[in-house]
Amino acid sequence: MPRSMPGVADRPRREPGEFELIARYFARRDEGEATGLVLGPGDDCALLSPSPGHQLAVSVDTSVADVHFPATAPAAVVGHRALAVALSDLAAMGAQARWCTMALAIPAMDEEWIAAFSEGFHALCRQSAVSLVGGDVTRGQLSISVTVHGEVPPGAALRRQGGRAGDLIAVTGSLGGGQGGLKAWQAGERDLDHALLQAYLLPRPRLEAGLALRGLANCAIDISDGLLADLGHLCHASGVGAELDVDRLPLTAGLETALGREAAQRAALTGGDDYELLFSLPAEAVETTRQRLQACGNTLTLIGRLSETPGIAGVDAGLTGGWQHFPGGTP
Ligand SMILES: [Mg+2]
């Protein structure tokens, strides 16, 4: 049996139907600029008008309770997080986020929980100028699938391929907070203002940073699987290797105090769930990129360089916890 939410089983009440719930919580039109939305929720499909001459960037992410987030996390947090991790993929491609659809499976039709979930979801929609254009609510183990649609001019998308030997490697924001926040949650921390819990439960998709990197970064990815794994993806796609300077990794505030330096670095290297952008760029583009990122409230930290030698150098085996630099021997 999937874990149900607290109080669900012992609250006898009339359960609202799926259509009623969708109409009440997922058909709102207050996400700001809903430009391009010809027909919103309420018909069999939404009708969307993409900007002329643009390509659509589309991605889907499923978040499952007690796999990707704690089932007992506050509902508003679950709503925010499910959308944030999906939007992070648009950020990684340098796409302008436009629309999303959402399918929620929930063990019982707990209207109070759904209301709070929708608050968290819609709040991030507004902040990200994304319109929720379709939703589905069904009964099942708690999970959320979010499909995001963004736009990008032809040729402007940031790809995993394109990195060149000699490029500098950079990240936005800080690393290790995803893993540190999970550990803090498991240790009983529940203060959502706690920096590590913020990083784990309320990640900010770096959409503006992704737009800022267009034309400057040679390749990019968002850090969902962990820096080493995602850098491995970049290197593999670009046909290069990398040299990391582990002492330069920007560790999330409070991480080193909570875990100690070595475990903090390990969290930054292999923990995942950080949803920062990892990219490479030529040295001459660093200052412009730094200024553009600062202009949208982001930071840039240089953490190494791409090389012609396959594999990722500069990381002690003890720090990786046995992680293979290129599983399967590639490239
Ligand atoms: Mg990704």
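The values are calculated or read from the model by the stated rules, or taken from the named source; none is laboratory data. No experiment lies behind these values; they were computed from the predicted model shown. Cβ placement follows ideal geometry from the backbone for every residue including glycine, while neighbour counts extend to all protein chains displayed. The accessibility values were calculated without ligands, DNA or RNA, using every heavy atom of the protein model including side chains. Shrake-Rupley method; radii C 1.70, N 1.55, O 1.52, S 1.80 Å.
Taking only protein heavy atoms and a 1.4 Å probe, the accessible area of segment 168-318 is 45% carbon and sulfur. Sequentially through segment 249-257, phi angles give Karplus couplings (6.51, -1.76, 1.60; θ = phi - 60°) of 4, x, 7, 4, 3, x, 5, 5, 4 Hz, Gly and Pro residues having no value and appearing as x. How big is the dipole moment of the chain about its Cα centre under a simple scheme where the beta carbon of each Lys and Arg is +1, that of each Asp and Glu is -1, and everything else is neutral? Debye, nearest 20, please. That gives the chain a dipole magnitude of about 200 debye. In the chain, which whole DSSP H runs stretch at least 15 Å along their own axis (Cα) and average 0.5 or higher on the Kyte-Doolittle scale? Sorted by number, the helices that extend far enough and score high enough are 75-93, 227-238.
Evaluated with a Cβ-only charge set (Lys, Arg +1; Asp, Glu -1), segment 18-152 carries a dipole of roughly 260 debye about its Cα centre, given to the nearest 20.
Selection among Cys100, Tyr25, Ala253 by position relative to the dipole of the chain gives Cys100 as farthest towards the positive end (Cβ unit charges, Cα centre).
Across the chain, C-alpha contacts under 8 Å between residues 6 or more apart give a mean separation that, scaled by the residue count, equals a relative contact order of 21 percent. Just the number, please: percent antiparallel of the DSSP beta bridges in the chain, rounded to the nearest 5. That works out to approximately 75 percent antiparallel.
Look at the dipole of the chain built from charges on Cβ: of Val77, Val60, Gly271, the Cα furthest out on the positive end belongs to Val60.
Calculated [222 nm] ellipticity per residue, helices only, for the chain: -9500 deg cm²/dmol; basis is -39500 (n - 2.57) per DSSP H run with n ≥ 4, divided by all residues, nearest 500. Here segment 18-152 has an Rg and Dmax of 14.1, 44 Å, counting Cα atoms alone. Dipole orientation for segment 18-152: of the candidates Leu37, Leu87, Gln141, Leu87 has the Cα lying most toward the positive pole (charges on Cβ; Lys, Arg +1; Asp, Glu -1). Compared with the alpha-carbon gap, the fully stretched path from His68 to Leu192 is longer by 42.9 nm at 0.36 nm per residue. Our summary of shape: the Cα atoms of the chain have principal axis extents of 63, 50, 37 Å, ordered from largest down, in whole angstrom. Carbon and sulfur atoms: what percent of the 1.4 Å accessible area of segment 18-152 do they account for? Ligands and nucleic acids excluded, carbon and sulfur reach 54 percent. The 3J(HN,Hα) values that the Karplus relation (6.51, -1.76, 1.60; θ = phi - 60°) gives for segment 300-315 are, in residue order, 10, 10, 7, 10, x, 9, 7, 9, 7, 7, x, x, 10, 9, x, 10 Hz. Gly and Pro appear as x. Between the C-alpha center of segment 188-261 and that of segment 101-149 there is a gap of 26 Å. For the pair Glu287 and Ala156, label points projected 7 Å from Cα toward Cβ lie 2.6 nm apart. Residue separation of Ala23 and Val60 scaled by 0.36 nm, minus their Cα-Cα distance, works out to 11.0 nm of gained length.
Largest first, the residues Arg24, Arg81 sort by 1.4 Å accessible area into Arg24, Arg81.
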